[in-house]
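Some notes on the structure that comes next.
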Ligand code: UDX
């Protein structure tokens with residue numbers, strides 16, 4: 001099958017490369033010339049484990065190519081994936097301009113029957129609009145265009161393994177023939193296929209992300225309660241998760257969710273509901289809880305030190321989660337901005353996101369090349385991302401390098417009992433702080 005993929009962001013690039021890897025001939029198209037140049041050299045513009053090797057292998061085996069020219073890209077393709085971005089407008093709605101541009105370009109350049117597959121996350125009803133735009137603009141009116149909504153569920157950092165080991169592939173179409181073709185294309189992945197209407201498929205994507213975000217905000221609320229009532233949220237989550245109806249995943253309390261999807265999609269779904277005259281109260285609360293949760297470590301630090309003015313604080317982990325250099329909606333952005341506003345000096349370190357972080361964090365931040373450098377002579381450490389390097393960092397080094405060994409851990413990386421042995425004052429999320437019972441502040445350096 002000859003396939004074209006429009007958009008080489010996370011979703012488009014991973015989709016295109018994985019489709020090539022299972023044997024299809026794929027052309028990835030993007031308007032960004034720098035990106036295409038990089039890709040043609042076999043270099044991945046994003047950090048994603050295993051992706052660059054897969055790009056190079058499939059290019060070598062002549063199944064994968066990259067182009068700026070939509071015309072050349074879709075010329076021979078009988079299937080065209082749309083995987084362009086749908087960022088948030090200021091009011092939370094999805095910006096669909098890239099989708100519209102893609103639809104118009106497709107319409108102007110197609111020369112034979114095609115199946116259009118929408119991978120981008122789009123508001124319910126958008127695929128109908130895509131079809132209408134293409135029908136309006138297509139030059140040869142005899143060409144048949146079928147639409148399939150095929151939402152993506154991959155996570156950054158494990159995108160390739162998610163594509164090959166996903167729980168389901170959703171195929172939404174009103175054309176049996178088009179759905180059959182897309183089912184056939186996806187067969188080599190050996191993942192259960194679920195066929196629905198176009199609108200249900202569009203909704204499945206939003207509902208899934210909103211539900212996962214709800215799970216996170218729920219456990220974060222429980223964690224706040226655990227702190228007040230002396231329970232341990234990690235034990236509570238484990239005990240809850242043993243009930244198969246609840247499940248163990250997405251019950252890690254912390255400083256809330258970030259990234260390119262959950263914040264964007266939850267806001268968009270609230271707007272979509274509003275447009276349909278339905279107030280999605282639960283989801284609004286999920287979003288509010290998440291905003292508050294991002295600041296939870298600041299509150300703890302203010303309580304502990306009275307004022308943050310004049311303190312030197314190391315922030316370890318800047319990306320919105322481990323295994324990515326993505327800073328979109330990362331908790332580190334509001335946290336560090338507030339630390340600086342409160343008069344603290346911030347030394348920041350991330351294993352790979354430092355460069356991206358420099359573009360979005362306040363200019364007052366000092367970026368460090370190692371954990372040791374970041375924690376040297378600091379008054380406390382904030383852990384914001386649970387990178388393996390941070391979790392496995394030798395605990396004995398904290399009291400050695402820091403002015404006073406106080407850790408505020410937003411990802412519950414450590415067993416509080418263990419930190420006591422290292423004479424580290426430890427504040428985490430949804431669990432008691434350790435110094436209160438055993439370490440007296442006078443023992444601390
Ligand atoms: C998410 C969805 O998982 C994926 O299916 C969808 O296609 C895109 O959005 P992603 O944004 O890559 O993927 O990240 P994910 O691993 O889901 O984590 C999102 C955020 O939630 C991160 O900030 C993470 O730290 C946080 N999180 C996750 C928690 O705070 N607790 C958890 O238990 C799980």
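Taken together, the values in this text are just the output of simple stated rules run on the coordinates, not laboratory data. Note that the structure is a prediction, hence the values are computed from the model and not measured. For neighbour counting, all protein chains shown are included, and Cβ atoms are generated from backbone atoms with ideal geometry for every residue, glycine included.
Ordered by packing density, taken as the mean number of other Cβ atoms within 10 Å over each peptide's residues, highest first, how do 347-356, 158-167 rank?
Sorting 347-356, 158-167 by mean packing, highest first, produces 347-356, 158-167.
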Calculated from DSSP helices alone, with each H run of at least 4 adding -39500 (n - 2.57) and the total divided by the residues of the chain, [θ]222 nm to the nearest 500 comes to -13000 deg cm²/dmol
Here the alpha-carbon Rg of segment 294-443 over 2.2 N^0.38 Å rounds to 0.95
Of all C-alpha pairs within segment 15-67, those more than 18 angstrom apart amount in percent to 20 percent
The answer for the per residue Cα convex hull volume of segment 168-297, in Å³, is 137 Å³
Computed over the chain: longest principal axis from alpha-carbon atoms vs helix 296-305 long axis, angle to nearest 10 degrees, is 20 degrees
Rounded to the nearest 10 degrees, the helix 281-293 long axis (Cα) sits at an angle to the longest Cα principal axis of the chain of 50 degrees
The Rg/Rh figure for the chain, Cα atoms and Kirkwood Rh, to two decimals is 1.02
Relative contact order of segment 2-196 (C-alpha contacts under 8 Å, at least 6 apart) in percent is 19 percent
By the mean-Cβ-within-10 Å protection proxy, highest first, 361-368, 251-258, 372-379 rank as 251-258, 372-379, 361-368
Residue separation between residue 38 and residue 392 times 0.36 nm, minus their alpha-carbon distance, gives in nm 124.1 nm
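Ranked highest first by the average count of other Cβ atoms within 10 Å around their residues, in what order do 271-284, 10-23 fall?
By packing density, highest mean first, the sequence is 10-23, 271-284.
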